[in-house]
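J.: Just passing along the structure, written as structure tokens.
The values are calculated or read from the model by the stated rules, or taken from the named source; none is laboratory data. Everything numeric in this text was worked out from a predicted model, so none of it was measured. When we count neighbours, we look across all protein chains shown, and the Cβ atoms used for this are built from the backbone with ideal geometry, even at glycine. Please note that ligands, DNA and RNA were not included when accessible areas were found on the heavy atoms of the full protein model with its side chains. Shrake-Rupley method; radii C 1.70, N 1.55, O 1.52, S 1.80 Å.
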Amino acid sequence: MNRLTFPSIRLLRYSLLLLTFSAFFSAPHPAISHPLKDISLAHEIVVSVDTTERLLIGTDTVCCFDADDGEVTFAVGSNISVDKVRFSGREIEAKISDAALYDAKIITLNLLPENFTDEVLGKGALVFTYRGRFPGFEGATAEIKRGISFINTGVIGEEGAFLPSTSGWYPVREGRTATFDVTVTTPSAFNAVMEGEWVSSSREGSRRVNRWVSRKNLDGANLIVSRFVVEEDSHRGIKLYTFFLKEDKPLSKVYFDKVKEYLDFYADILPPYPYKKFAVVESHLPTGYGMPSYTLLGSNIIRLPFIPDTSLGHELVHNWWGNSVFIDPVYGNWAEALTTYTADHLYQERAGEGAGYRRQSLESYRNYAGSLPVSLKEFRFETSMWARAVGYNKGSYVFHMLRKLVGDELFYASLRRFYDDNKFTFTTSEDIEKAFEAETGRKLDWFFYQWFVIRGAPSLSLSDVALTGEKGGEYHLSFLLDQGDEAYILKITMLVRTVDGEVRKEIDLVKERQRFDITLSSKPKTLEIDPGLDLFRLLSYRETPPLFGSFFGSEKGYYVLPPSAEVSDKYAPVALSLSRDYGQRVTNAGDVPEGLSSGSGGLFIFGGPDVNPLFERYWNAPSKDVSLEGNLFTIKGEVFDITRNVVVVAFRDRKDTEKTHVALLGMTDEATMNSIARRIPHLTSKGYLVFKEGGGLLHGSLVGEELLRFDFD
């Protein structure tokens, strides 16, 4: 199950990466080639869901399995009780044990040849009879951290059911894909949604029976139950559905129209859409998930006006990357990177905002993962912001550089080859490398090694710029590029703006420090290295303005409340909410030492100079465009009275310039302060926020230094 991603809503952007087959049921595979990738199972499942008792009762008939030395193992959730197991009509012993590393039960079955004839072993089917009681929705909602939104357990309640494959609601055979034929019985007011085709739905007295069939191999099955109002449409032979919790025909039309637009767009660059349906499903849980052939969006998200234009496309693209070409998580998750690049980045690029999108990716990587030794190949699942910075931000950048290296035509042709060669199987980045090498005829092992295997990122600095020459003659330009302690092979664009025009050239940086000499026919005005931000690198702190993400990226910081108990109580809900999200401690101004150690994080200071003494001690206006005089806060020429507006602003420490602090100035009513607490995490890429009196929000960021630009004038 893959994530919904878009720049404005952190709740979804940092939600679940992959539920359809997570490490919950994964053990290390014996080889990268995944020797059993072609051995698939067939599940025929019949389950009933009791929403009042929160109970699931089911049978699963499994065939086409393999046996390792006579033993077959399956896994189910820790709350599942296996009543019995039959093989070819005869009950067999099932050894049940707790999983060593995960919250699951392991079912071990002995199918030695001496116990069964070869004919039975070849044709027999396993039939599991089982039941399980699940927790309710209330507890699950409380456990979802805003910004991570990670749930791998199932829930059943009066609202319905959310049963991801990671909950072990049916017996899972590790490392195998499978087809599914699932019949679900629920109370008559409910409907069930799953992967695959909706074969039938009928009411039988007080119960409703739905059947869903997935004839293509999947890496897991996810069952959703609720009181749905269903709308239907079709496009390009694909059935389109909306499963909403209340009737909303206009919204259904918005989603149908946008899905049709996406299907038309991707028909020209990707292989044919792999499934016979795509559904938009509303959830009681505040989540944004993508499963094969449908997406599950929380009620608090599905009606946001920008979702169809942004995140919906991301979820649709996951049906190629991650939901029909599956990741082998032991060897790295490439699917989020490729989905983010062929959806989110591509949409921004088409709107002329590609470079701005990439800058935000570089800033996010620096804020959350810049000091962490993690490679893209080590990225598994997004359970933190640093993991997202690696898997999404760095990952999408790697595919951007690959596209720049081989060109648009070969890039998309290689993606199509990769898909055709690997659809409905488990796949690693090595398979991507093979497809690109086969399609382009180029050796690309150096590229995949340095960007998938090597940890971290290169830095880049420009120095020792020299210009010689005379007016009317040739000019000789020389400069030095330094990429730090490890030499990457970097393809970099150099742009020189001259009095007569532009000179653009691709240069190869292959050493830690390397000098370049360029001859020009006219006098240069500026030199720019990587002007389009096409190269992934670790930004210098001077290149990034103070941003909220710089503070939230370190758990060693503090939320500092004013010493006055009366004022502190008004700010405390905001501090506690942010602390739950990001992990920094909440403290009082009187408990913060006079000088912070270099190893500590920044401060989030509540209240201005009149209420919090730490504000005066640490305030450092982030630029000449920002000032606070009395109760008047000025940002880029606009003036706001903090007795009537609430301002949040990030700024550098006076001494340790790589450390970022945040100040929240002003106070308003409790409901508005709680709203502010919910909105701040969605705007971590910003450097200032002004919550205006009467409603409205001003937000933005300042500009960092351009260290890879040299002005000759």
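J.: So which residues in the range 513-543 are in contact (Cβ under 8 Å) with a residue 60 or more places away in the chain, farther than 27 Å from Asn393 by Cβ and not in a strand (DSSP E or B)?
T.: Result: Lys523, single match.
J.: For the range 307-321, state whether one or more residues are part of a strand (DSSP E or B) and either in contact (Cβ under 8 Å) with a residue 40 or more places away in the chain or of a type outside the set (Lys, Arg) (or both).
T.: Yes, the range 307-321 has at least one match.
J.: Okay, next question. Return the residue satisfying two criteria in turn: it lies in the range 547-570 and is in contact with a Leu (Cβ under 7 Å, 6 or more places away or on another chain) and open to solvent by 10 Å² or more (accessible area, probe 1.4 Å), and of such residues it is nearest to Gly700 (Cα to Cα).
T.: Tyr558
J.: For the range 347-390, which positions are open to solvent by 30 Å² or more (accessible area, probe 1.4 Å), part of a helix (DSSP H, G or I) and either within 20 Å of Lys556 (Cβ to Cβ) or without any contact (Cβ under 8 Å) to a residue 60 or more places away in the chain (or both)?
T.: Tyr347, Gln348, Glu349, Arg350, Gly356, Arg366, Trp386
J.: Just to be sure before I move on: is Val611 crowded, with 16+ Cβ neighbours inside 10 Å, modelled with pLDDT of 90 or more and in a strand (DSSP E or B) in the structure I sent?
T.: Answer is no for this residue.
J.: Can you tell me which of Val76, Val47, Val127 is modelled with pLDDT of 80 or more, out of contact with any Pro (no Cβ under 8 Å at 6 or more places or on another chain), part of a strand (DSSP E or B) and open to solvent by less than 20 Å² (accessible area, probe 1.4 Å)?
T.: The unique qualifying residue is Val47.
J.: Here is a follow-up. Output the number of residues of the range 235-273 satisfying the condition of being part of a strand (DSSP E or B) and either in contact with a helix residue (DSSP H, G or I) (Cβ under 9 Å, 6 or more places away or on another chain) or open to solvent by less than 20 Å² (accessible area, probe 1.4 Å) (or both).
T.: 7
J.: Enumerate the strands (runs of 3 or more DSSP E) found wholly within the range 391-500, keeping only those where 2 or more residues are open to solvent by less than 30 Å² (accessible area, probe 1.4 Å), charged (D, E, K, R) and out of contact with any Phe, Trp or Tyr (no Cβ under 8 Å at 6 or more places or on another chain).
T.: Fully inside the range 391-500 and qualifying: nothing.
J.: Every residue in the range 174-199 that is over 30 Å from Thr52 (Cβ atoms) and either open to solvent by less than 10 Å² (accessible area, probe 1.4 Å) or out of contact with any Ser or Thr (no Cβ under 9 Å at 6 or more places or on another chain) (or both), please.
T.: Result: Gly175, Thr177, Ala178.
J.: Residue pairs, Cβ under 8 Å, 6 or more apart or interchain, first in the range 82-93 and more than 12 Å from Ala125 (Cα to Cα), second surrounded by 11 or more Cβ atoms within 10 Å (Cβ to Cβ) and among the small types (Gly, Ala, Ser). List them.
T.: From the range 82-93, the pairs are Val82/Ala94; Lys84/Ala94.
J.: Show the residue pairs meeting these rules: Cβ distance below 6 Å; 6+ apart or different chains; first residue within the range 408-437 and closer than 16 Å to His318 by Cα; second residue in a strand (DSSP E or B) and not β-branched (Val, Ile, Thr).
T.: If the second residue must be in a strand (DSSP E or B) and not β-branched (Val, Ile, Thr), the pairs left are Phe424/Lys216; Phe424/Asn217; Phe426/Phe326.
J.: Further, regarding this structure: Please go through the range 175-226 and pick out each residue that is assigned to a loop (DSSP other than H, G, I, E, B) and in contact with a His (Cβ under 9 Å, 6 or more places away or on another chain).
T.: Gly175, Ala221, listed by residue number.
J.: Also, quick follow-up: When you scan the range 615-628, do you find a residue that is assigned to a strand (DSSP E or B), over 16 Å from Ile676 (Cβ atoms) and free of Cβ contacts under 8 Å to residues at least 24 places away in the same chain, even just one?
T.: yes
J.: Hey, another quick one. Output yes when any residue across the range 208-220 is within 30 Å of Gly168 (Cβ to Cβ), among the acidic types (Asp, Glu) and either touching a residue at least 40 places away in the same chain (Cβ under 8 Å) or surrounded by fewer than 17 Cβ atoms within 10 Å (Cβ to Cβ) (or both), and no when none is.
T.: yes
J.: Same structure again: So Glu119 ticks every box in (1) open to solvent by 50 Å² or more (accessible area, probe 1.4 Å); (2) at pLDDT 95 or above but one. Which box is left unticked?
T.: For Glu119, the exception is condition (2).
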